[in-house]
């Protein structure tokens, strides 16, 4: 397209003339020489993998605490005092 000012516009023109040679098999030209796979694991993914490797004794403790919470016996005055003391130590 040629522009000669605001009043002199020519119509649309072809990008390449019809007599240019075209590639006979364009899909073969776009194929990479070798294909390889790559895997990147994020830090969050690594942490999830580490959580799965928690020893069985910890899982037993988690199950015990969940059962105590469900029964309403997990929160005791002694545990609340310890938690408050730790919280005050962190804020001081």
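Here, each number is a calculation from the coordinates, and none is a lab measurement. Since the structure is predicted, the reported quantities are computational estimates derived from the model, not experimental observations. Note that we place each Cβ from the backbone using ideal geometry, even for glycine, and neighbour counts take in every protein chain shown.
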Column: log10 I(q)/I(0), Debye, Cα scatterers of the range 48-92, q = 0.16 Å⁻¹: -0.67
- request: For an R0 of 25 angstrom, estimate the FRET efficiency from the Cβ-Cβ distance between residue 47 and residue 90 and round to the nearest 0.05.
  value: 0.60
